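Okay, structure first, notes after.
Coordinate-derived values only; no laboratory data. Bear in mind the structure is a predicted one, so any value in this text is a computation, not a measurement. Quick reminder, even Gly has a Cβ in these numbers, built from the backbone with ideal geometry, and neighbours come from all protein chains shown.
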Amino acid sequence: MTLIKSISGIRGTIGGEVGNALTPLDIVRFTSSYAKFISKQKNSSNIIIIGRDARISGEMVSNIVSGTLIGCGFDVLDIGLSTTPTVEVAVQLHKSAGGIIITASHNPEQWNALKLLNEKGEFLSDKNGKEILEIAENKKFSFKKIADLGKYTFDESYNDKHIEEILSLSLVDADLVKSAGFKVVVDAVNSTGGFMVPRLLERMGVECVKLYCDPNGKFPHNPEPLEENLTDISELVVKEVAHFGIVVDPDVDRLAIVCEDGSMFGEEYTLVAVADYVLSKTPGNTVSNLSSTRALRDVTKKYNGTYEAAAVGEVNVVEKMKATNAIIGGEGNGGVIYPELHYGRDALLGIALFLTHLAECKVSVKQLRDNYPSYFISKNKIQITGNIDVENILTSLENKYKHEEINTIDGLKIDFEEGWVHLRKSNTEPIIRIYAESNDEKKANSFANKMIAEIKALM
């Protein structure tokens, strides 16, 4: 059993001992800590918005979160089965005091999590997150008496409001997309993207073939949108003679595209393609994280903008985007952040911008992909246990490669002449991630395998 407390929220497996998994008591403790933190912010609103993905444990977790917030004196606006970006937009539109998204994102179905938002609908800063963890550690909670209990309201209209906000953006052209006559296959891993993505596509005049779009929480494959997990949609895109395929993770903040021949567009290139379109209309600066492809930097330079890299984690990317006044940014895992709507990864928004870009270019998805600089990222991970000193391992490797270009703002990134390697402890799983990029697949894999061997030798 696992419980991870990090910048990405409170995440754990369901069932097990208190303190070692995401048990009901742990849910109450961390929700109460969040409520105490929010109460000290002195917001004008007393409403916390909650929403969840379709995980089997979601209803149970949602009920506990809702009851705890009410016991802490907050009014709860439950938007029901929804997406991470939809909850973020709902907090922004409603001007509420904060929000809790009940989802473990790309983790398997035995996991769930509490993603915590501030009054802007953005993830909490590292400082705020640490404050909540400190409150949870002290366990000094008090709950409201009967006259001061909060109220519960259910309103699922924010799913449609989110789509309306997307369609109203100046760079989203639903009429142009409709005239292109696109046919796409959608794999939503049986979560909330199963109704949200088709709903958006219908509004944009796109024919939709559904694959794993029943929001029952029973994931038919590993829900992380990586190539090895997407063989079914790859085959169906070809069989249906579709223009391309759309893949989202359970909470719909990551977007992967499958080309018309069943090959992968590459989740790294989702952001690259969307940024290319946005920059062509509104030149400016961009941001992605240290583990993302160099292709975004290349595309940004094409439009005379400035590219900068941030530490991994949405909140870090958003912070850097604000600091550099970036007009588009995100993460190489298929996460697109477009501040014109909100500061959060949003696969639905990414789909709308990608469709408009494709309709305007009048090329196939494969041809579009071939237009971009060609890099290959080898993505790997090593399972770790609590007694492994990851920092010591990274320090040893930093010393070994001190003559190369080194970046330590998030783990260890080593830039070589022919590529780079990024090593870091995950915020969401008990693993070390090893990412390597080069313009050649063999070189990227060679970089990665060399680092994996060296890490294992130090474990």
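Cross-link partners among lysines for Lys362, C-alpha distance below 25 Å, same-chain residues fewer than 8 apart left out?
Lys178, Lys183, Lys210, Lys239, Lys281, Lys301, Lys302
At 7 Å along Cα-to-Cβ for each site, give me the label-to-label distance between Arg199 and Asn380 in nm.
For Arg199 paired with Asn380, the spin-label model returns 4.2 nm.
For the stretch 320-459, go through all pairs of different Cα atoms, get the mean of 1/r, take its inverse, and jot down that Kirkwood value in Å.
17.4
Find the eigenvalues of the gyration tensor of the Cα atoms of the stretch 214-327, then list the square roots of 5 times those eigenvalues as equivalent ellipsoid semi-axes, largest first, in whole angstrom.
29, 17, 11
Tell me the Kirkwood radius of the chain: reciprocal of the mean inverse pair distance over distinct alpha-carbon atoms, in Å.
Evaluated over the chain, this radius sits at 22.5 Å.
In units of 2.2 N^0.38 Å, what is the alpha-carbon radius of gyration of the stretch 170-270?
Against the compact-globule rule of thumb, the ratio is 1.00.
Among the listed pairs Lys130/Lys161; Lys40/Lys139; Lys42/Lys140; Lys42/Lys151; Lys379/Lys413; Lys120/Lys320, give every one whose C-alpha distance is greater than 25 Å.
Exceeds cut-off: Lys130/Lys161.
Please state, rounded to one decimal and in Å, the Kirkwood hydrodynamic radius that the stretch 162-370 gives when every pair of distinct Cα atoms enters the mean of 1/r.
For the stretch 162-370, the Kirkwood estimate is 16.7 Å.
At a Förster radius of 56 Å, what calculated FRET efficiency corresponds to the Cβ-Cβ distance of Glu360 and Ala147, to the nearest 0.05?
Given R0 = 56 Å and the Cβ-Cβ separation, E is 0.45.
Using the Cα atoms of the stretch 379-459 to build a convex hull, what is its mean projected area in square nanometres?
5.1
Students often check this: by mean Cβ neighbours within 10 Å, which of 77-84, 449-456 ranks highest, and how do the rest follow?
Ranking the peptides 77-84, 449-456 by packing returns 77-84, 449-456.
Short version: what are the Cα gyration tensor semi-axes of the stretch 89-144, square root of 5 times each eigenvalue, largest first, in whole Å?
Sorted largest first and rounded, they come to 20, 19, 12 Å.
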